[in-house]
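Chemist: Submitted below is the structure of interest, expressed as structure tokens.
The values are calculated or read from the model by the stated rules, or taken from the named source; none is laboratory data. Keep in mind the model is a prediction, meaning the values are calculated, not measured. Cβ atoms come from the backbone with ideal geometry, glycine included; neighbour counts cover every protein chain shown. Side chains are part of the model used for accessible areas, which takes the heavy atoms of the whole protein and leaves out ligands, DNA and RNA. Shrake-Rupley method; radii C 1.70, N 1.55, O 1.52, S 1.80 Å.
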Amino acid sequence: MQPFFALLLLSQNNLNRCTHAMEIEKFSYDNKIVKAFMIASVIFGLVGMLVGLTAAIQLFYPIFNFSDSPVGQFVSFGRIRPLHTNAIIFAFVGNAMFAGVYYSMQRLLKARMLSDTLSWIHFWGWQLIILAAAITLPLGITTSKEYAELEWPIDIAIALVWVVFGINMIGTIIKRRERHMYVAIWFYIATFVTVAVLHIVNSFEMPVSFFKSYSWYAGVQDALVQWWYGHNAVAFFLTTPFLGIMYYFLPKAANRPVYSYRLSIIHFWALIFIYIWAGPHHLLYSTLPDWAQSLGVVFSIMLIAPSWGGMLNGLMTLRGAWDRVREDAVLKFMVVAITAYGMATLEGPLLSLKNVNAIAHFTDWIVAHVHVGGLGWNGFLIFAILYWTVPRMWNTKLYSSKLANIHFWLGTLGIIFYALPMYVSGVTQSLMWKEFNPEGFLVYKNFLETTVQILPLHGLRATGGLLYLTGAIIMTYNLVKTAYAGSFIANEPAEAAPLAKNYVIKTGGWHYRLLEHKPMLFTVLALVAILIGGVIELVPTFLIKSNVPTIASVKPYTPLELQGRDIYIREGCVSCHSQLIRPFRSETERYGEYSKSGEFVYDHPFLWGSKRTGPDLHRVGGKYSNTWHYNHMLAPDAVSTGSIMPAYPWLFEQSIDKASTAGKISALRTVGVPYPEGYEETANAELEQQAETITASLKKDGIEVSSDAEIVAVIAYLQRLGTDIKAEKVAVNQ
């Protein structure tokens, strides 16, 4: 009987094979959308790096602000700094992320994207958003909130395009031919749901006009929401999608399986749950409630474990392939990228420790930290993906491995020349700001003494940026020559069996692989994981009044001061000046009484800043005369020898937009500023009266200026800062 059963089994196996063969479906992968995103990434990357290099030069050679030229108003540091960050984050890195996701997802799921039409709506929608940012930011149309500077119509467009991307992605996952969802897909899902939540919550704004809005939140609450968004934009736009991309492309390039599947599970869930809590570590020693600051610190330290788990999983995947790293530029870029990820995710938690934060915050140390991640992790991983993908999509070999290796070394030197001087500069700044002599007085009372000391280091930083940009230009040439040598495969043929409807998983009970086969359940659980931390941190700050005590003497801005504040925001002054005095003796001696949370209750948005290229301005009101401010904005170096601040001659020529005053008053009343009903009708009369007072004081010093000039409004705003309270008499209402 045994031969009979053997024959029967063989016949059944043959039948299964025949049935399987008949079920094989032929389809194709869409490479055209990947190509489009890659080209956009390279072009915008070069532009963004060039703008960044220009901004770096402006910080030690201020003539590069071109203040006296017709274009000076649009290329000053305060305006192009957010242009640089948006171009790099959303144009260079964002387009590369979408290219990597579209390329890897189709192959991991054995399915073409759900809809070619949705893919192209996504592509062109994203490019139009980038174009809108490139136009509005130099024009000074900005919310001033870091990494979220774009105004409300563009925010809405971002949300809509992101939804299109999400529908296309989730739809592709549902129609997949591969039941198992590989680890890269997990990270793509978490990226989609979290960025959607972050963007929507942080973008609640009250429109004044098509180009102007006020944040729905104020002061401390606005700061918490912004850095909950800001930190997690780094986490879920610059990190999680690229971890997914790493998990796909690294094993492909190394021809090795991922080191540990179990470690990838721990890495994913621990990372997305913990990351969302860490935002408050950007606000240490601020007026944010201590409990929120402490939560940020605790979860930041916890982040080391999952972050390094991911780094080790990546590096250990290269086991047995290290001999190839010496020759293969793709693997070189990947090794440095993963190492930079590990270093940045160790340094971040260390910077969240209060004793370290007290030294590093507001200094160039933070600039170095951010760029180790940006240049090393994102930049080098993108370069690796481009070098690996382009030859395959064009069915050819890389034009020049030698040029790729030259690019690697130029990029590596660029990172070193960029980061090391900024670390030295940051420590130098902090030590000089805090140094007291034996008599107990500040040694460097004049802020400019620090500025002059670090100028050579900023020159080295620009050299590093130039090296990095040069490497990217070489890469572009190499990739173009590669494409010309091959033939582009627009629709790459593929085949796979369809996903069986009656497939049963025999697990003997609950098993993680079962969750991987349930994409909608997986998405919901990922959403729950990231919502927990956000809800626990944000809700109490809004609902419990004692978290933000008010101060009776703090009043809303006058119409003239409000217009001046908006001009201050337009010019990007918050990029260089903080408005937050921390409770350190070195700061209270230099700037005055430390800041109180109740002072910011009418600030829509908050303007605490994240970098002190210039001194803090929270107590600058009344410190200098109106004439001093006038001359300082006209010719900074003539007033403060050695100043690298650009001049603002257009403020003396342009008039205050009085037509917007009523709309601004009404919008702010809607978000909680207690302007009385009907105040809009008399606001401009009050504005003109205050302006006349300022111009009269200037006239006494021989300065003739129109009371309608924007400089008058800016002076009014600066003179208001910090004058609402007296250090010895602070009335607090719980």
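Chemist: Given a Förster radius of 45 Å and the C-beta distance between Trp291 and Ile265 as r, what FRET efficiency does 1/(1 + (r/R0)^6) yield to the nearest 0.05?
Modeler: Working: r = 31 Å, r/R0 = 0.70.
The calculated FRET efficiency here is 0.90.
Chemist: By per-residue mean of other Cβ atoms within 10 Å, what is the highest-first order of 212-224, 61-73, 683-695?
Modeler: 212-224, 683-695, 61-73
Chemist: Here's another thing I want to ask about it. Straight-line reach only, C-alpha to C-alpha below 23 angstrom: list the lysines that Lys32 could link to, leaving out same-chain residues fewer than 8 apart.
Modeler: Lys110, Lys175, Lys252, Lys397, Lys481
Chemist: Taking 45 Å as R0, compute the FRET efficiency from the Cβ-Cβ separation of Glu688 and Ser553 and round it to 0.05.
Modeler: Details: r = 26 Å, r/R0 = 0.57.
So, using R0 = 45 Å, E works out to roughly 0.95.
Chemist: Roughly how many nanometres apart are two label points built 7 Å out from the Cα toward the Cβ at Ile200 and Trp409?
Modeler: Each label point lies 7 Å from its Cα, and together they span 5.1 nm.
Chemist: If you don't mind, another one. Contour minus end-to-end for Asn255 and Glu589, with contour as 0.36 nm per residue of separation and end-to-end as the Cα-Cα distance? If you can, show how the numbers build up before the last one.
Modeler: Working: separation 334, 0.36 × 334 = 120.24 nm, distance 6.01 nm.
Full extension from Asn255 to Glu589 adds 114.2 nm.
Chemist: Can I ask one more? If each of Thr117 and Phe436 carries a label point 7 Å out from its Cα toward its Cβ, how far apart are those two points in nm?
Modeler: My value for the distance between the label points is 7.1 nm.
Chemist: Let me ask something else. Just check the chain against the gyration tensor rule for me: Cα atoms, a ≥ b ≥ c as the square roots of the eigenvalues, rounded for a/c under 1.5, and otherwise prolate or oblate depending on whether a/b exceeds b/c. Please report the intermediate quantities before stating the final value.
Modeler: Values: a/c = 2.06, a/b = 1.83, b/c = 1.12.
Note, shape of the chain comes out prolate.
Chemist: Less than 24 Å apart at the alpha-carbon level, and either on another chain or at least 8 residues along: which lysines does that give for Lys212?
Modeler: Straight-distance partners of Lys212: Lys145, Lys555, Lys658, Lys664.
Chemist: Next question. Under a 5 Å amide H to amide H cut-off, with H placed in plane at 1.01 Å, what residues pair with Tyr214 once short-range neighbours are removed?
Modeler: Met206, Val208
Chemist: Under the classification rounded if a/c is under 1.5, otherwise prolate if a/b is larger than b/c and oblate if not, where does the stretch 541-663 fall, given a ≥ b ≥ c as square roots of the Cα gyration tensor eigenvalues?
Modeler: It is oblate, given that a/c is not under 1.5 and a/b is not larger than b/c.
Chemist: Give me the percent of the accessible area of the chain that comes from carbon and sulfur atoms, probe 1.4 Å, all protein chains in place. Don't jump to the answer; show the numbers that get you there.
Modeler: On the way: 19580 of 29580 Å².
Reported share for carbon and sulfur atoms: 66 percent.
Chemist: By how many nm would the segment from Val705 to Tyr61 lengthen if fully extended, with 0.36 nm per residue of separation less the alpha-carbon distance? Mind dumping the intermediate values first?
Modeler: Working: separation 644, 0.36 × 644 = 231.84 nm, distance 2.97 nm.
Difference between extended and current length: 228.9 nm.
Chemist: Here's a follow-up. For the chain, what proportion of DSSP beta bridges, expressed in % and rounded to the nearest 5, is antiparallel? Walk me through the numbers before you get to the answer.
Modeler: On the way: 15 of 16 bridges.
Bridges in the chain that DSSP calls antiparallel: roughly 95 percent.
Chemist: Then there is this: Summing -39500 (n - 2.57) over the DSSP H runs of n ≥ 4 in the chain and dividing by its residue number, what mean residue ellipticity at 222 nm do you reach, to the nearest 500 deg cm²/dmol?
Modeler: Numbers: 30 runs with 451 residues, N = 734.
Calculated at 222 nm, the ellipticity per residue is -20000 deg cm²/dmol.
Chemist: Oh, and also: Considering the zone a paramagnetic label at Lys402 would reach in this model (a point 7 Å from Cα along the Cα-to-Cβ line), which residues of the stretch 471-494 have amide N under 17 Å from it?
Modeler: Under 17 Å, as judged by backbone N against the label point of Lys402, lie 474-475, 477-479, 481-482 of the stretch 471-494.
Chemist: Per residue, what accessible area does the stretch 61-127 have, given a 1.4 Å probe and all protein chains present, in Å²?
Modeler: 34
Chemist: Mind checking the full-extension length gain between Glu23 and Leu455? Use 0.36 nm per residue of separation minus the Cα-Cα distance, one decimal, nm.
Modeler: Values: separation 432, 0.36 × 432 = 155.52 nm, distance 6.81 nm.
Length difference between fully extended and current span is 148.7 nm.
Chemist: 5 Å is the cut-off here: which amide hydrogens, built 1.01 Å from N in the peptide plane, fall below it relative to Ser610, excluding neighbours closer than 5 in sequence?
Modeler: The answer is none.
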